[in-house]
1. Within the bounds of the range 22-40, is there any residue that is buried (at least 17 other Cβ atoms within 10 Å of the Cβ), of a type in the set (S, T, N, Q) and not assigned by TED's automatic domain parsing to the domain that holds G148?
2. Based on this model, can you work out whether K368 counts as charged (D, E, K, R), surrounded by fewer than 20 Cβ atoms within 10 Å (Cβ to Cβ), closer than 22 Å to E319 by Cβ and in contact (Cβ under 8 Å) with a residue 12 or more places away in the chain?
3. Just to be sure, is P229 assigned to a strand (DSSP E or B) and surrounded by fewer than 18 Cβ atoms within 10 Å (Cβ to Cβ)?
4. What residue, of G17, G4, is at pLDDT below 95, buried (at least 17 other Cβ atoms within 10 Å of the Cβ) and not assigned by TED's automatic domain parsing to the domain that holds R209?
5. Go through (1) outside any strand (DSSP E or B); (2) within 22 Å of the chain's Cα centre (by Cα); (3) buried (at least 22 other Cβ atoms within 10 Å of the Cβ) for A245 and report which single condition fails.
6. For the range 305-318, give me each residue that is in a strand (DSSP E or B) and in contact (Cβ under 8 Å) with a residue 40 or more places away in the chain.
7. When the residues of the range 126-152 are narrowed to those that are outside any helix (DSSP H, G or I), touching a residue at least 60 places away in the same chain (Cβ under 8 Å) and polar (S, T, N, Q), which ends up surrounded by the fewest Cβ atoms within 10 Å (Cβ to Cβ)?
8. What's the total number of residues in the range 88-100 that are in a loop (DSSP other than H, G, I, E, B) and buried (at least 19 other Cβ atoms within 10 Å of the Cβ)?
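The values are calculated or read from the model by the stated rules, or taken from the named source; none is laboratory data. Just so you know, these numbers come straight off a predicted model, no measurement behind them. Cβ placement follows ideal geometry from the backbone for every residue including glycine, while neighbour counts extend to all protein chains displayed.
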Amino acid sequence: MKNGRYKDQNVAVLGAGLSGSAAALLLAAEGAHVTVLDSADENTLLKSTLDNLRAHGVRIVCGSTADQDSVKYQWAVLSPGIDPASPLASNFSSRDIEAFSELELGWRSCEIPIIAITGTNGKTTTTELVAQMLNACGQRTIACGNIGKPLSEVAREKQPLDVLTVEVSSFQLEAIRTFRPSISLWLNLAPDHLDRYRSVTEYRAAKLRIFENQTEQDIAVVNAAEGLPQIRPRRITFSAYSNRADFRLSDGAIVYEQQPIVRLSDTKLSGLHNIENLMATLAVGVARGLSFAQMVPTLRNYEPRPHRCEFVREINGIEFVNDSKATNLDAVEKALAAQTKPVVLIAGGKDKGFTFDPLRSLLKDKVKSAVLIGEMAESIRRSWNGVTESQIATSLADAVERAHAVATPGDVVLFSPGTSSFDMFKSYADRGDQFRALVQTLPQ
């Protein structure tokens, strides 16, 4: 990072959350005059964050005043949580003030290679797998971006690292300009975020920008089952469902060029979606010049973090599983496919603009009863009418009690919401923590 690169430039940062505040502090450290604008009222924002920004000379504008701000800025940084169509962002686009993403800002200040990982599902698991594997093999990295620290914060800290392992979302990729990972990773794509995008095609187009600035010298690790357009980087492919891939499944093992690499029974991950995450991680290692003998021991020992098909407790032969990380239908589908016992499913949450109709056939095979919560409860009940019996709960506590009452020994109560949590909770983690706590209070 070059000191003073933005000296005396007048820059706006849209959004006072984690990414916005990281961008503002990076810009302030580089000598810019920074204003953070957020449509929320100041008393709803984190006081410690605002105090820290002000201590670094950052000006803050909140509420309706932010949406109508008329100051002339040279350019702006857009936090991923700010919809480009929102009044706050539209105020800038209508005045032809260039705005690019916090990911782009962080990239411009980084001087080390980046591994960028995207996909509708599995991003966080794969990002953690890659970071853990690289560190164990002596390549210093941290997992950052859409998880952990924003890229701008990592750039400001200037840690001695060899490569950055960056989880990137469609929201972060929407407004990149020069962002160029040396290794890109495309896991999968399924309908999601249709409350922000007008169509799946538009959502896909945002994701595809991960390849936009890569050259023939770069590498793309891609799911062989995905029909991707022509891209410039060299491809390494993987698939748990196709034999036409560099990494594939054969006789219960991950195989690369006819060579068995690791047996599935030797890992702590379950479900074909997680096997693909392992394949993708191994492909990144190949791209980074690592041997399988170096990589495999770490991957065998990896355990998934909470909220991803996490076993919580067994009560009188009924298992309770927390899959709060399932924020779209594809994630629910994978969670259900991995179940071998009858399921009592707790689902629902914020309306993200899609229906739950596509799960009907899987529900018929897997789910004996559903308990529905949140904004989408009634809509989901209509979608699943005639397929499984369902009831609407007034809260998550009510849903846990209802599911417990319906379940019988040998069943699984699966909390896999299928949409985001913001109608009732702070985050999927908060939602999962509350589910776990409620299950722990159930009587034996």
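1. Step one: of the range 22-40, the residues buried (at least 17 other Cβ atoms within 10 Å of the Cβ) are 22-30, 32-39.
Filter once more, keeping what is of a type in the set (S, T, N, Q): 35, 39.
Now drop any that are not not assigned by TED's automatic domain parsing to the domain that holds G148, which leaves 35, 39.
Within the range 22-40, one or more residues are buried (at least 17 other Cβ atoms within 10 Å of the Cβ), of a type in the set (S, T, N, Q) and not assigned by TED's automatic domain parsing to the domain that holds G148.
2. On the way: charged (D, E, K, R): yes; surrounded by fewer than 20 Cβ atoms within 10 Å (Cβ to Cβ): yes; closer than 22 Å to E319 by Cβ: yes; in contact (Cβ under 8 Å) with a residue 12 or more places away in the chain: yes.
Yes, satisfied.
3. Details: assigned to a strand (DSSP E or B): no; surrounded by fewer than 18 Cβ atoms within 10 Å (Cβ to Cβ): yes.
For P229, the condition - assigned to a strand (DSSP E or B) and surrounded by fewer than 18 Cβ atoms within 10 Å (Cβ to Cβ) - is not met.
4. Values: G4 fails: buried (at least 17 other Cβ atoms within 10 Å of the Cβ).
Residue meeting the stated conditions: G17.
5. Checking A245 against (1) outside any strand (DSSP E or B); (2) within 22 Å of the chain's Cα centre (by Cα); (3) buried (at least 22 other Cβ atoms within 10 Å of the Cβ), the one that fails is (2).
6. Narrowing the range 305-318 to residues in a strand (DSSP E or B): 310-315, 318.
Selection gives E310, V312, R313, I315, I318.
7. Ranking the candidates gives Q139 first.
8. Applying the first criterion (in a loop (DSSP other than H, G, I, E, B)) to the range 88-100 yields 94-98.
Applying the additional criterion that residues be buried (at least 19 other Cβ atoms within 10 Å of the Cβ) yields none.
Final tally of qualifying residues: 0.
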